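Here the structure is laid out as C-alpha cells; the discussion comes afterwards.
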Amino acid sequence: MVVQLPKIRNLPKSLPMESAVRIELNDGIPVFKASSAIQNRIEDLLFKQRENGVTADEQKELLLYEELNDYLTFANLLMQNMILKRLKYVAA
C-alpha cells in the first residue's frame with residue numbers, strides 16, 4: 001500500500017526556515033515537533049484570538065500552522081508504523 005503525504009501549499013511567513021522543527025525520541029522512535037519558538041507563536045495567536053480577536057493575516061497564519069501540524073502528525077504516524085512494522089518483522 002502506497003501512502004502519499006498531504007501537500008502543503010503555503011507556509012506561514014513567520015515560520016523560520018531554520019530551527020522550525022525539532023526531533024525528539026519517543027521509545028526510540030523519532031518524533032517531529034514544532035520548535036519552542038513556533039509553539040510560543042501559536043500560543044500567542046490563540047490567546048489573542050480568544051481575548052481580542054485576530055486579524056485576517058493572523059487567522060491565515062493560524063490555519064497554515066494547523067496544516068503544518070497535521071502534516072507533522074501524519075509523518076510521525078507513518079514513521080512510527082514503519083518502525084514498529086519493521087521491528088515485528090525482525091522479531092518474527
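The values are calculated or read from the model by the stated rules, or taken from the named source; none is laboratory data. Source: prediction; values computed, not measured. Cβ: placed from backbone, ideal geometry, glycine included. Neighbour counts: every protein chain shown.
Key figures for this structure:
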{"read-out": "So Arg41, is it of a type in the set (Lys, Arg) and touching a residue at least 12 places away in the same chain (Cβ under 8 Å)", "value": "yes"}
{"read-out": "Test: residue in segment 17-37 that is out of contact with any Leu (no Cβ under 6 Å at 6 or more places or on another chain), free of Cβ contacts under 8 Å to residues at least 60 places away in the same chain and part of a helix (DSSP H, G or I)", "value": "yes"}
{"read-out": "Every residue from segment 6-23 that is loosely packed, with under 10 Cβ neighbours inside 10 Å and at pLDDT 80 or above", "value": "Lys13, Glu18, Ile23"}
{"read-out": "Single condition Leu62 does not satisfy, out of (1) surrounded by fewer than 13 Cβ atoms within 10 Å (Cβ to Cβ); (2) under 14 Å from the mean Cα position of the chain (by Cα)", "value": "(1)"}
{"read-out": "Subset of segment 25-75 that is among the polar types (S, T, N, Q) and farther than 14 Å from Pro12 by Cβ - its residue that is modelled with the lowest pLDDT", "value": "Asn26"}
